[in-house]
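Working notes, beginning with the structure itself.
The values are calculated or read from the model by the stated rules, or taken from the named source; none is laboratory data. These numbers were taken from a predicted model, which means no experiment stands behind them. No Cβ is skipped: glycine too gets one built from the backbone with ideal geometry, and neighbour counts run over all protein chains shown.
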Amino acid sequence: MTIKKLLVAAAIVAVSTSAAANDSDKVNFEKTYSAFQQALNEQAESSKLVELAQQSYQTGEKYFGTGNINTANLKMSYLNLVPIETLRSAEAQQLADSALAAYRQHYQADAPELVGALQMVLSTRDSSSDMNKLKDIFYELIDVADANMASQPEVMLRDKVDAGAQMLRLGSRASSELVEFAEAANKQFGGEHELTLLASFHAGRYLEAKGEVEQAVANFQKLTAVEKVPRNLSYPKYISHARLVNHLEKLGRSDEATEHCVAIANLGYGIGEEREPQPLYRVNPKYPSSLASLERGGKVTMKFDINAIGMVENIEIIESDYKALANVSIEAVKQWRYAPYVKDGKPTVATGRMVQMVFEME
């Protein structure tokens with residue numbers, strides 16, 4: 001949630017005060033909440049905002065009561081500020097559930113305000129959660145969004161896409177709706193609209209998870225084909241290029257894969273000097289049959305360079321237990337593809353990269 005939206009939620013609290021349980025609860029809340037508002041206005045560090053948001057909902061709960069809509073708004077503000085590791089905690093899940101309960105009590109069943117609370121419940125869950133319950137939450141969100149589609153088409157369709165992305169993260173089959181959402185966005189807003197591109201990206205992620213590679217490629221290409229994208233699509237565009245390298249190599253379309261390696265470099269995403277890079281596409285070496293029959297394993301240590309288009313060259317064996325292991329390792333690494341190393345804003349050669357292959361019989 002943006003700072004602007006948080007301030008809107010804050011205003012709701014400010015004008016909806018009820019009779020205080022006692023003067024000390026009122027004083028504690030107003031003091032804490034005032035500090036929170038000031039921190040928002042000053043755009044304080046995120047850790048400070050989280051701390052004050054937490055104190056605000058805690059003092060607000062004592063002042064307004066657990067089921068009050070103001071308390072629910074304060075909890076939502078807090079949850080929208082916390083880091084991911086906190087957002088997926090048991091405490092955050094409980095807060096999201098209680099906020100949704102208050103929203104359901106305060107608003108009508110098709111009120112657009114419910115969408116944010118339903119979305120928050122999905123955002124706080126992980127793969128160990130009750131998927132049947134989350135599926136019900138997801139389709140409730142879809143129903144509410146559809147009921148308000150005529151008055152807020154872009155906002156509601158975006159909420160549906162975001163919810164579908166959460167279901168995909170959770171591994172739910174309900175994420176199949178992402179394909180329909182992408183088609184709806186394209187029909188209503190056009191192929192180059194930011195929401196259409198975002199929906200196509202998530203649809204591509206769903207399709208690749210399902211194993212429908214050709215369709216996934218087509219969806220990722222919709223985003224990579226656009227030269228300039230809004231800032232919020234910069235990282236999805238990079239991921240789309242990276243996934244296309246992987247898929248196109250597997251489809252035998254190496255020249256196209258190379259174009260996406262270069263595009264990644266031009267986006268400014270490349271190999272960092274601070275860590276060993278992970279390839280965009282990798283094949284494992286084949287276990288030599290001569291050693292497999294003898295149930296022998298071993299290790300191979302290699303050094304190589306990565307050229308300006310992300311291809312491996314100048315492979316050198318540093319150490320190998322068997323020549324056969326060295327040979328299959330070389331053949332495998334030749335096929336690896338990387339995001340090129342970027343220096344001074346330009347893709348260049350990365351030298352002296354090391355890797356060790358370990359061959360073990362299961």
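Quick one: how many residues across segment 246-270 are in contact with a helix residue (DSSP H, G or I) (Cβ under 6 Å, 6 or more places away or on another chain) and closer than 25 Å to Asn186 by Cβ?
Number of matching residues: 6.
Does any residue of segment 208-215 turn out to be in contact with a helix residue (DSSP H, G or I) (Cβ under 9 Å, 6 or more places away or on another chain), buried (at least 19 other Cβ atoms within 10 Å of the Cβ) and either under 22 Å from Phe138 (Cβ atoms) or among the hydrophobic types (A, V, I, L, M, F, W, C) (or both)?
Scanning segment 208-215, I find no residue that is in contact with a helix residue (DSSP H, G or I) (Cβ under 9 Å, 6 or more places away or on another chain), buried (at least 19 other Cβ atoms within 10 Å of the Cβ) and either under 22 Å from Phe138 (Cβ atoms) or among the hydrophobic types (A, V, I, L, M, F, W, C) (or both), so the answer is no.
For segment 91-117, give me the residue count where each residue is more than 18 Å from Thr71 (Cβ to Cβ) and in contact with an Asp or Glu (Cβ under 8 Å, 6 or more places away or on another chain).
Within segment 91-117, residues that are more than 18 Å from Thr71 (Cβ to Cβ) and in contact with an Asp or Glu (Cβ under 8 Å, 6 or more places away or on another chain) number 2.
What's the number of the only condition in (1) assigned to a helix (DSSP H, G or I); (2) surrounded by 14 or more Cβ atoms within 10 Å (Cβ to Cβ); (3) of a type outside the set (Gly, Ala, Ser) that Asn232 fails to meet?
Condition not satisfied by Asn232: (2).
Which pairs do you get when a residue that is free of Cβ contacts under 8 Å to residues at least 12 places away in the same chain and among the aromatic types (Phe, Trp, Tyr), found in segment 200-229, comes within reach of a residue that is surrounded by 22 or more Cβ atoms within 10 Å (Cβ to Cβ) and not in a helix (DSSP H, G or I), reach meaning Cβ atoms under 6 angstrom, with the pair 6+ apart or on two chains?
Taking only residues 6 or more apart or on different chains, not a single pair turns up.
Within segment 244-255, does at least one residue satisfy the condition of being in contact (Cβ under 8 Å) with a residue 24 or more places away in the chain, within 20 Å of the chain's Cα centre (by Cα) and crowded, with 22+ Cβ neighbours inside 10 Å?
yes
Out of the residues in segment 177-223 that are aromatic (Phe, Trp, Tyr) and within 18 Å of Met167 (Cβ to Cβ), state the one that is farthest from the chain's Cα centre (by Cα).
Result: Phe181.
Do the conditions hold for Tyr63, that is, is it closer than 23 Å to Asp97 by Cβ, in contact with a Lys or Arg (Cβ under 7 Å, 6 or more places away or on another chain), buried (at least 18 other Cβ atoms within 10 Å of the Cβ) and of a type in the set (Phe, Trp, Tyr)?
In short, yes.
Find the residue count for segment 224-238, including only residues that are closer than 21 Å to Gln166 by Cβ and charged (D, E, K, R).
Of the residues in segment 224-238, 1 are closer than 21 Å to Gln166 by Cβ and charged (D, E, K, R).
Within segment 205-252, count every residue that is within 15 Å of Ile309 (Cα to Cα) and not aliphatic (A, V, I, L, M).
So the count comes out to 3.
Which condition breaks for Val312 when tested against (1) in contact with a Ser or Thr (Cβ under 8 Å, 6 or more places away or on another chain); (2) at pLDDT 90 or above?
(1)
If the requirement is being surrounded by 16 or more Cβ atoms within 10 Å (Cβ to Cβ) and free of Cβ contacts under 8 Å to residues at least 40 places away in the same chain, which of these qualifies: Ile330, Ile306? Before the answer, list the steps.
Working: Ile306 fails: free of Cβ contacts under 8 Å to residues at least 40 places away in the same chain.
Selected residue: Ile330, the only one of Ile330, Ile306 that is surrounded by 16 or more Cβ atoms within 10 Å (Cβ to Cβ) and free of Cβ contacts under 8 Å to residues at least 40 places away in the same chain.
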